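Participant: Attaching a single structure in structure tokens format; questions to follow.
The values are calculated or read from the model by the stated rules, or taken from the named source; none is laboratory data. What you are looking at is a predicted structure, and each value in this text was computed from that prediction instead of being measured. Methodologically, a virtual Cβ is constructed for each residue, glycine included, from the backbone with ideal geometry; neighbour enumeration extends over all protein chains shown. Accessible surface is based on the protein model in full, side chains and every heavy atom, while ligands, DNA and RNA are left aside. Shrake-Rupley method; radii C 1.70, N 1.55, O 1.52, S 1.80 Å.
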Amino acid sequence: MTATAPAPAPAPDAEGDERLLKTSPLKKLLGRPELGSVVGAVAVFVFFAIVADSFLQATSLATVLYAASTLGIMAVPVALLMIGGEFDLSAGVLVTTSALISSMFSYQMTANVWVGVLVSLVATLAVGVFNGVMLTRTDPPSFIITLGTFLMLTGMNLGFTKLISETVSTKSIADMEGFSSAQDVFASTITIGGVDFKITIVWWLALIAVATWILLRTRVGNWIFAVGGGEEAARAVGVPVAATKIGLYMGVAFGAWISGQHLLFSYDVVQSGEGVGNELIYIIAAVIGGCLITGGYGSAVGAAVGALIFGMVSKGIVFAEWNPDWFKFFLGVMLLLATLLNHWVRKRAEATK
């Protein structure tokens, strides 16, 4: 009798090997931080499309996108900073500081406007470096440090403007060399299909793309999530925590520079008291977009959607011919609903893992 060959050993159960498990599209969707904000944006869009007859007009949608872009340019870098576990309460007044430096330097030095723009870029980035270095070299939290910067910039904006211009606003620079070309870059209008779109929308979309690429496709993105998830743990595995945080504050400063130049070249004069309170709007947009206050979670796309919700609500109320005094009420409702929805989405995502 011939011996039979032993039966081959059964292949490893692919379904039982956790390393070979494939994540379903539903699980991936539930794990996206911007899911809640997208659902909220769709709801807000449908709501105003029903209650405001003019909301769906092309010119109205262009107005909504403009409002969203002026906020989104700052909300995107603020979101990255929050993912990294920090805040910047000086972001709002830094926009005004950037515009004031460009205007006053150009006017007082009778220089080409572009010289003032570049000086403003250097000075604004320096404020970002200051915030980052102060945070990484001292013990106080970012809330206290950037609150101090907020107060200093608020005082400097008013003090230097009154000292140099003898009023609370800057002098007009509309007739100076380089103004037209700078206006084309920061405050021009692009006409597509007979509809006017502001150049800030292009800046906004570019920042979204760059920020998303950084977060999802680069080592720096991994560092940002790691630092926000746990600073000591990140440092233990070799993440350059200090450099990452300083870079994030410089990112916020760069967004403030773009916003400041748009402010200046849209009106050619700047009021020194502008920008106070806007830092909270940037944070709200990021939170609505899925960023956690505790850090380590969020996305640039989510912050952009949060800014879009802001734009739809702020302009939708006008198109519906409601009292604009109700705007902040609706913004507060959106913040609470988005927070609750984001919490539910995260719980569902954790339960399906």
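Participant: In the stretch 143-151, is there at least one residue being within 19 Å of residue 100 (Cβ to Cβ) and either aliphatic (A, V, I, L, M) or in a loop (DSSP other than H, G, I, E, B) (or both)?
Facilitator: yes
Participant: Take the residues in the stretch 153-182 that are open to solvent by 50 Å² or more (accessible area, probe 1.4 Å), free of Cβ contacts under 8 Å to residues at least 60 places away in the same chain and not β-branched (Val, Ile, Thr), then tell me which one is nearest to residue 93 (Cα to Cα).
Facilitator: 156
Participant: If I go through the stretch 191-208 residue by residue, how many of them are open to solvent by 60 Å² or more (accessible area, probe 1.4 Å) and either assigned to a helix (DSSP H, G or I) or touching a Phe, Trp or Tyr at 6+ places or on another chain (Cβ under 7 Å) (or both)? Spell out how you get there, then give the answer.
Facilitator: Step one: filter the stretch 191-208 for residues open to solvent by 60 Å² or more (accessible area, probe 1.4 Å), giving 191-194, 196, 198, 202-203, 205.
Still in the running and either assigned to a helix (DSSP H, G or I) or touching a Phe, Trp or Tyr at 6+ places or on another chain (Cβ under 7 Å) (or both): 198, 202-203, 205.
Residues meeting the conditions: 4.
Participant: Can you tell me which residue in the stretch 226-235 is farthest from the chain's Cα centre (by Cα), limited to those that are among the hydrophobic types (A, V, I, L, M, F, W, C) and open to solvent by less than 60 Å² (accessible area, probe 1.4 Å)?
Facilitator: Applying the first criterion (among the hydrophobic types (A, V, I, L, M, F, W, C)) to the stretch 226-235 yields 226-227, 233-234.
Okay, now just the ones that are also open to solvent by less than 60 Å² (accessible area, probe 1.4 Å), so 226-227, 234.
On the way: 226: 19, 227: 18, 234: 24 Å.
Residue satisfying both the conditions and the ranking: 234.
Participant: Does residue 294 qualify as being in contact (Cβ under 8 Å) with a residue 24 or more places away in the chain and open to solvent by 20 Å² or more (accessible area, probe 1.4 Å)? Before the answer, list the steps.
Facilitator: Values: in contact (Cβ under 8 Å) with a residue 24 or more places away in the chain: yes; open to solvent by 20 Å² or more (accessible area, probe 1.4 Å): yes.
Here the answer is yes, as residue 294 does meet what is asked.
Participant: Hey, residue 188 hits all of (1) closer than 21 Å to residue 72 by Cα; (2) open to solvent by 40 Å² or more (accessible area, probe 1.4 Å) but one; which does it fall short on?
Facilitator: Every condition holds for residue 188 apart from (2).
Participant: Can you tell which of 125, 216 is assigned to a helix (DSSP H, G or I), under 26 Å from the mean Cα position of the chain (by Cα) and either aromatic (Phe, Trp, Tyr) or loosely packed, with under 15 Cβ neighbours inside 10 Å (or both)?
Facilitator: Residue meeting the stated conditions: 216.
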